Amino acid sequence: MSDASDLAARWAAVYEQSRPVLYRAVALMVGPAEAEEVVHEAFERAMRNGAFFDEVREPVAWLRTACARRALTRLRRRRLWERLRLRLAADERSELWEHADLAIALAALPPRDRIALVLRYYQDASYDEISAALGIASASVGPMLTRARAKIREALT
Amino acid sequence: MNSYEDRELARELQALAAQIQVPSGSLPTHRGRTLGRAPALAGAVAVLVAAIAVGAAINNLRTERDDSSTVTRPPASAASAPSPSGAMAFPDYPLLAGTMGGLVYRIQGGQVTGSPVDVCEGQTVLALQPSSSGRFVLAICGGHPPGEARAIVLDAMTLSRQAGPVAVVPRSDVAAWAPDEHAVALLQTGRCDPDAPVCSVHVLLWDLASGTTRLIRPDEPLTYNVRWTVLGLSISFPQAPQTGTFIWDGQTWNRYSTHALWIADAGGRALLVETSTGNLGGRVWEATGGQEVALTSSGTEYPLGLDGDRAIVWRDTPFSNSGAVVVYRGQREERQVPAELCLSAQRIDRWLVCTSSGSAALAYSLDGNAFARQAITGLAGRFYVLAALPRSSQGATPAIVSRQAAIQSVRGLTVEVRRVDRIEAKLVSASSSPAWLVAVSGDIGCNCIIDLSFRSAVYTIDAQTGTIRDVTKTSETWPASFDSVADESGGR
């Protein structure tokens with residue numbers, strides 16, 4: 001097998017293994033409408049680096065962080081449109097999702113809180129990973145998660 | 001993740017995530033192109049988000065800002081003219097203000113007059129567009145809460161319903177008056193393919209006299225920015241291959257620009273906006289004689305008007321309730337006038353009346369190069385949209401119901417007027433009380449003991465009250481006497 005086909009096979013394996021979880025995580029962060037694009041961008045970025053598998057010890061963790069960063073950028077960029085998106089998303093969820101209350105509460109969180117929560121509780125990311133993804137001090141992750149949990153709890157009660 | 005609460009939240013999130021269906025996708029290639037469906041979907045979704053959001057987002061933007069308690073002023077260096085100080089008197093135009101609660105208020109001299117009318121029945125008044133004469137106002141209702149929206153034509157004086165409702169896409173940029181006031185172009189939701197990321201959109205012409213709609217451009221996604229300028233009826237698309245604006249010549253659609261047309265003047269000059277931002281504003285171009293030059297060097301601007309060789313735009317200060325009017329002459333920035341939010345404006349005489357959300361009315365004087373501001377008393381909370389009516393629309397026809405209303409009152413006799421093949425109305429005022437004569441052909445029944453069928457009828461309608469005073473039914477296919485009556489409506 002050539003280097004190129006070997007590389008392609010490795011990427012295909014990573015893609016197949018990690019994409020569903022990445023997609024779902026990003027969907028929780030930014031909504032299903034943009035999840036595909038975010039995941040796609042993360043893979044594209046990784047694959048532009050020909051030495052990716054030599055340089056990155058945990059490809060899936062790298063992709064998880066890359067997706068979270070992109071999701072955060074998008075959420076910041078679309079702050080002004082957030083209300084509309086929430087309404088649209090909530091409308092879809094009310095019919096499609098059993099856990100609509102949680103979905104709506106999650107969508108109502110500030111972007112960083114939402115991403116931290118998904119990284120921690122859906123993707124089981126470490127505090128260090130979360131701090132790297134969000135560009136914040138590791139010591140800030142715990143308080144952020146506590147605050148996000150409190151908001152979720154308040155929204156669900 | 002040790003606590004019970006943590007585990008519970010994790011479990012809930014897992015359950016929620018499990019309900020998210022993961023669409024099929026393909027691994028990107030090393031050249032950055034994908035092998036399968038992903039790019040089309042991603043691209044379409046990106047544009048879809050913009051397109052879905054464009055109309056409502058501009059209102060959203062207003063709402064967002066309305067809720068903000070922080071008012072950021074533009075940098076001092078940006079100001080080359082005084083901020084609105086109230087020194088300039090606000091023009092004495094009657095105003096209409098629509099709210100998120102569906103109410104429309106009439107305002108004169110800064111004071112609400114009469115009771116508000118629940119035009120949108122609880123839904124947001126997304127847009128209020130006066131017709132060219134100011135006799136009628138097109139209201140777009142909906143969007144909050146989400147769902148289908150409706151277009152309604154109102155009498156500008158009484159705010160009574162003259163035509164509609166007709167379903168439209170729930171945004172503010174989905175309808176435009178024909179210059180002759182006889183029709184409205186609108187966007188309606190079309191086919192919804194479950195595999196497509198977005199429903200398609202129909203472009204329709206709504207004939208107000210007959211109440212019928214005609215499909216003039218079917219089933220295309222992401223259509224937005226309906227305008228009816230001196231250049232004609234136009235629509236825009238944010239996505240290749242038809243990115244930009246198309247103008248309808250009555251039979252075909254011709255590409256006008258790769259940007260979105262917003263404003264045009266009688267000389268053919270136009271202000272355009274990049275399409276990637278939808279109707280949220282963006283980089284502005286000026287088109288003259290087939291040439292397009294960029295005005296905006298950076299940031300986000302919204303075209304407000306054209307005046308001679310000047311272009312007037314709103315330069316936005318993001319995340320604030322302020323910005324500045326910028327006046328361009330050619331590509332040169334001639335003037336900046338900081339002000340409260342004015343994302344859109346309606347040209348009326350020598351004024352640009354701001355139509356975006358607020359609690360006070362703002363108007364930019366094209367002669368004075370300054371804003372006039374007028375507080376509004378009697379309005380509960382902020383308005384969502386504002387519209388100014390020309391002075392001539394007031395008092396000239398104080399008690400005449402519209403042609404559309406007269407026709408509608410006959411169409412509303414559904415038991416008696418069982419089928420309408422043709423319907424026309426003429427205003428007659430030979431006597432002291434003007435009346436509409438409404439001729440109708442089709443299947444007209446008889447409110448009598450035996451069921452008779454007539455082929456046409458002429459209804460006489462009190463033009464001041466809208467009530468039916470008389471009817472003459474015939475077996476003619478069309479009442480010949482009607483054709484010999486002169487119409488004194490003057491296009492009303």
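The values are calculated or read from the model by the stated rules, or taken from the named source; none is laboratory data. Bear in mind that the values here come from a model prediction, so they are computed numbers and not experimental data. Counting neighbours? That spans all protein chains shown, and the Cβs are built from the backbone with ideal geometry, glycine included.
For the structure I just gave you, tell me whether B:G110 is small (G, A, S) and either in contact with a Gly (Cβ under 9 Å, 6 or more places away or on another chain) or within 27 Å of B:R373 (Cα to Cα) (or both). Spell out how you get there, then give the answer.
Working: small (G, A, S): yes; either in contact with a Gly (Cβ under 9 Å, 6 or more places away or on another chain) or within 27 Å of B:R373 (Cα to Cα) (or both): yes.
The answer is yes for B:G110.
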Picked from the range B:363-383 (must be closer than 18 Å to B:D316 by Cα and surrounded by 24 or more Cβ atoms within 10 Å (Cβ to Cβ)), the residue modelled with the lowest pLDDT is B:F371
Unmet criterion (only one of (1) more than 20 Å from B:L187 (Cα to Cα); (2) assigned to a loop (DSSP other than H, G, I, E, B)) for B:E286
(2)
Output the residues belonging to the range B:130-149 that are modelled with pLDDT of 85 or more and either surrounded by fewer than 19 Cβ atoms within 10 Å (Cβ to Cβ) or in contact with a helix residue (DSSP H, G or I) (Cβ under 7 Å, 6 or more places away or on another chain) (or both).
B:S132, B:S133, B:G134, B:R135
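Could you please find all residues in the range B:462-486 being surrounded by 15 or more Cβ atoms within 10 Å (Cβ to Cβ), at pLDDT below 85 and not aliphatic (A, V, I, L, M)? If you could, list the steps in order and put the result at the bottom.
As a first pass, look at the range B:462-486 and keep what is surrounded by 15 or more Cβ atoms within 10 Å (Cβ to Cβ): B:462-463, B:466, B:468, B:471-474, B:478-479, B:482, B:485.
Those still in the list that are at pLDDT below 85 too: B:462-463, B:466, B:468, B:471-474, B:485.
Result: B:D462, B:G466, B:T472, B:K473, B:T474.
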Tell me, which strands (runs of 3 or more DSSP E) lie completely within the range B:216-283 with 3 or more residues that are of a type in the set (A, V, I, L, M)?
B:260-264, B:270-273
From B:A209, B:A176, B:A167, grab the single residue that is under 30 Å from B:R106 (Cα atoms), of a type in the set (G, A, S), surrounded by 20 or more Cβ atoms within 10 Å (Cβ to Cβ) and at pLDDT 85 or above.
B:A176
Scan the range B:349-362 for residues that are out of contact with any Leu (no Cβ under 8 Å at 6 or more places or on another chain) and on the phi < 0 side of the Ramachandran plot and jot them down.
B:A360, B:L362
For the range A:26-43, which positions are at the interface with another protein chain (Cβ under 7 Å from one of its Cβ atoms) and either over 12 Å from A:A66 (Cβ atoms) or touching a helix residue (DSSP H, G or I) at 6+ places or on another chain (Cβ under 6 Å) (or both)?
A:A27, A:L28, A:P32, A:A33, A:E34, A:E36, A:E37, A:H40
Which of the residues spanning the range B:343-370 are under 13 Å from B:L304 (Cβ atoms), more than 14 Å from the chain's Cα centre (by Cα) and either free of Cβ contacts under 8 Å to residues at least 40 places away in the same chain or not in a loop (DSSP other than H, G, I, E, B) (or both)?
B:R347, B:I348, B:W351, B:L352, B:V353, B:C354, B:L362, B:A363, B:Y364, B:S365
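Just give me the residues in the range B:244-286 being β-branched (V, I, T) and out of contact with any strand residue (DSSP E or B) (no Cβ under 7 Å at 6 or more places or on another chain), in sequence order. Break it down stepwise before answering.
Going residue by residue through the range B:244-286, those that are β-branched (V, I, T) are B:245, B:247, B:252, B:258, B:263, B:273, B:275, B:277, B:284.
Selection gives B:T252, B:T277.
Is at least one residue of the range B:391-399 at pLDDT 75 or above and either out of contact with any Asp or Glu (no Cβ under 8 Å at 6 or more places or on another chain) or among the hydrophobic types (A, V, I, L, M, F, W, C) (or both)? I'd like the intermediate steps shown before the answer.
Here is the first cut: in the range B:391-399, the residues at pLDDT 75 or above are B:391.
From what is left, the residues that are either out of contact with any Asp or Glu (no Cβ under 8 Å at 6 or more places or on another chain) or among the hydrophobic types (A, V, I, L, M, F, W, C) (or both) are none.
No: the range B:391-399 contains no residue that is at pLDDT 75 or above and either out of contact with any Asp or Glu (no Cβ under 8 Å at 6 or more places or on another chain) or among the hydrophobic types (A, V, I, L, M, F, W, C) (or both).
Out of B:R347, B:R329, B:R315, report the one residue that is more than 14 Å from chain A (Cβ to nearest Cβ) and more than 20 Å from B:V385 (Cα to Cα). Steps first, answer last, please.
Numbers: B:R347 fails: more than 20 Å from B:V385 (Cα to Cα); B:R315 fails: more than 20 Å from B:V385 (Cα to Cα).
Residue meeting the stated conditions: B:R329.
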I'm trying to understand the selection: among the residues of the range B:433-461, which are under 18 Å from B:R403 (Cα atoms) and modelled with pLDDT under 80?
B:S433, B:P434
Does the range B:150-166 contain any residue that is within 14 Å of chain A (Cβ to nearest Cβ) and touching a Phe, Trp or Tyr at 6+ places or on another chain (Cβ under 8 Å)?
no
Matching residues in the range B:176-194 (touching a residue at least 12 places away in the same chain (Cβ under 8 Å) and either at positive phi or assigned to a loop (DSSP other than H, G, I, E, B) (or both)) number 7
